[in-house]
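Reviewing the structure listed below.
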Amino acid sequence: MRKYFIHTMGCQMNEYDSLRIAAVFDKIGFTEAEEMEEGDYLIVNTCSVREKPQHKAESAIGRFRQIKRRRPEVKIGFCGCVAQQEGENLLKTNKDIDFVVGTDGLHRLEEVVAHVEAGERLSDTQVNEGGLEIDIFNREVSVSSFVTIMKGCNNFCSYCIVPYVRGREKSREQSEIIDEIKYLADKGAREITLLGQNVNSYGTALTDPVSFPELLDKVSDVEGIKRIRFVTSHPKDFSNELIDVMRGNDKICEYLHLPLQSGSNAVLQKMNRKYTYDHYKERVLRAKEMIPDLALSSDFIVGFPGETEEDFQSTMKALEEIRYDMIYAFNYSTRPGTKAESFNDDVPLEVKKMRLAKLLDAQKRIIAENSAAYQDLVVEVMVEGESKKGAGQYSGRNRQNRVVNFSSETILSSGDFVNVKITEPRPNSLLGERV
Ligand code: SAH
Ligand code: SF4
Ligand code: F3S
């Protein structure tokens, strides 16, 4: 049997899309390769959100090329956001690539592969102007599964390439989403993470409009689903209705990813984020007040064009005030075609690096302090599997999305829910024992 190998980069949307790619190859009689070297089709699913992941895509193709040199029958596929951005150019500049499929072409992938099998090289980066339709696809289901509920983005933050590589925002019909979640629950999924660039604007443009809080309630009615998470919320649209449904529906986990990006209003305005830090803080305080034990995470960009030391200090101050449980922080990286491309990228790399290090350092201390509060607490853990440490050791997550490694005297399976007493709270994982 011929095999396929997929290398996935970028966000959870790409992880979801890679499952769709895998399903197409499974359907036409391939099996998944464990190692890249065994693959007859080598596929990279790329991210272009910053320069670094884009470089990684190029180096993945470099490794694929070496395999193709030894086995010329190997086919190379280039998918995802860089594919959408560069399109046919990739075929011209890289003779080893056999096909390019953009972010909106996965439902045509089977056809594309048929052409490749016939010896053609082709690119499909056509954008589908209709709604977002994704048929239920066969997959190995894990206890914690992703479901895409919308695609694209209309926000045009000045630094961001996503609206260009994923197109305008479109929501998936509620019935399609629920059907997919029923399918996943049937196959053993217990936790669902709903994916969208701005889930708060879900459903408003559907012919039968549904709000995101309404969708959450519908998802929680699916038998077998015990936990619900979602990413990403945009602070400008994070509504009281959503806070209310998070508070009232006990399947929705106490975890919120609400990217602030910067603590400076001047920078936020240049980023076109459409909120001030005061608005953000008001939203967070309300959410924390209404939802006990809420964990918060955020993304930050440091060294945005024009960011002064004072602006950066505002970000540091915000970090201390909000006290996140987790952050993702990046140096600003100019992306082609975005508004910020025309801004003067005037913060020297050395300064960006220093600011990033300071931010991460402060967060390290905050997370150590936050973690210490877990000492001796009993938390609900969904078992995800045995831990690397071996027999009797398991790994899972609590409702706040913290990794919990623990011991159990009885044998457990993925998807079991257990109570664990935390004996050693470490910053990156909590250690404990089942009680
Ligand atoms: N839709 C999500 C984010 C998607 S991109 C949201 O609005 O929050 C994920 C993160 O990458 C962003 O939150 C931002 O922090 C970072 N990012 C996006 N473009 C970037 C750029 N040009 N340079 C550095 N970081 C960037
Ligand atoms: Fe990018 Fe902003 Fe859209 Fe997020 S909301 S995907 S950061 S444009
Ligand atoms: Fe990257 Fe595309 Fe996701 S640019 S972050 S893979 S939407």
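The values are calculated or read from the model by the stated rules, or taken from the named source; none is laboratory data. Predicted model, so just to flag it, every value in this text is computed and none were measured. So basically every Cβ, Gly included, is an ideal-geometry build from the backbone, and we count neighbours across all protein chains shown. Ligands, DNA and RNA are stripped out before the accessible areas are found, and what is left, the full protein with its side chains, is counted by its heavy atoms. Shrake-Rupley method; radii C 1.70, N 1.55, O 1.52, S 1.80 Å.
Using the Cβ-Cβ distance between R121 and K27 with R0 set to 30 Å, the FRET efficiency from 1/(1 + (r/R0)^6) comes to roughly 0.85. On full extension, the segment bounded by S239 and D208 gains 9.1 nm, given 0.36 nm per residue less the C-alpha separation. Rounded to the nearest 500, the helix-only mean residue ellipticity at 222 nm of the chain stands at -10500 deg cm²/dmol, with each DSSP H run of n ≥ 4 adding -39,500 (n - 2.57).
The value obtained for the range 144-372, namely the Cα convex hull volume divided by the number of residues, is 125 Å³ per residue. A probe of 1.4 angstrom, applied to the heavy atoms of all protein chains, finds M326 with accessible area near 80 square angstrom. Divided by 2.2 N^0.38 Å, where N counts the residues, the Cα radius of gyration of the chain comes to 1.01.
Using R₀ = 30 Å, calculate the FRET efficiency as 1/(1 + (r/R₀)^6) where r is the Cβ-Cβ separation of N94 and E133; round to 0.05. Mind dumping the intermediate values first?
Details: r = 31 Å, r/R0 = 1.04.
E(calc), rounded to 0.05, equals 0.45.
For N331, the amide hydrogen comes within under 5 Å of the amide hydrogens of V302, counting only partners 5 or more places away or on other chains and with H modelled in the peptide plane.
Taking a 1.4 Å probe, which of V82, V403, V127 shows the most accessible area, and what order do the others take after it?
On the way: V82 5, V403 45, V127 70 Å².
Final ranking, largest accessible area leading: V127, V403, V82.
Among T232, T204, the sequence by solvent-accessible area, most first, with a 1.4 Å probe is T204, T232. Per residue, the convex hull spanned by the alpha carbons of the range 378-434 comes to 68 Å³. Extending 7 Å from the Cα toward the beta-carbon at both F343 and E35 defines two label points whose distance is 4.7 nm.
Using the 1.4 Å probe convention, the accessible area of the range 3-124 works out to 44 Å² per residue with neighbouring protein chains retained.
Note on Q393 and Q313: the model spin-label points, each 7 Å out from Cα along the C-beta direction, lie 4.6 nm apart.
Kirkwood analysis of the range 312-423, using all unique Cα-Cα pairs, places the hydrodynamic radius at 17.2 Å.
Extending 7 Å from Cα along the Cβ direction at R168 and again at E111 yields two label points whose distance is 2.2 nm. The residues neighbouring E241, those whose beta-carbon lies less than 15 Å from its own, together hold a net charge of +1 under the Lys/Arg +1, Asp/Glu -1 convention.
Both radii were evaluated on the Cα set of the range 163-292; the Rg over Rh quotient, with Rh as the Kirkwood radius, amounts to 0.99. For the chain, the list of Cys residues with no other Cys C-beta under 4.7 Å reads C11, C47, C79, C81, C153, C253.
Could you sort out which of K52/K421; K218/K274; K92/K182 sit more than 32 Å apart by Cα distance in this structure? List each step's numbers first, then the result.
On the way: K52/K421 40 Å; K218/K274 30 Å; K92/K182 43 Å.
Correct reply: K52/K421; K92/K182.
Ordering 28-34, 66-72, 163-169 by mean Cβ neighbour count within 10 Å, with the highest value first, yields 163-169, 28-34, 66-72.
Quick one: go through the range 6-38 and flag any residue whose amide nitrogen is under 16 Å from the point 7 Å out along the Cα-to-Cβ line of K187. The answer is 15-32, whose backbone nitrogens lie closer than 16 Å to the label point. Taking amide H as placed 1.01 Å from N in the peptide plane, the amide H of A295 sits under 5 Å from that of Y255, L256, each at least 5 places away or on another chain.
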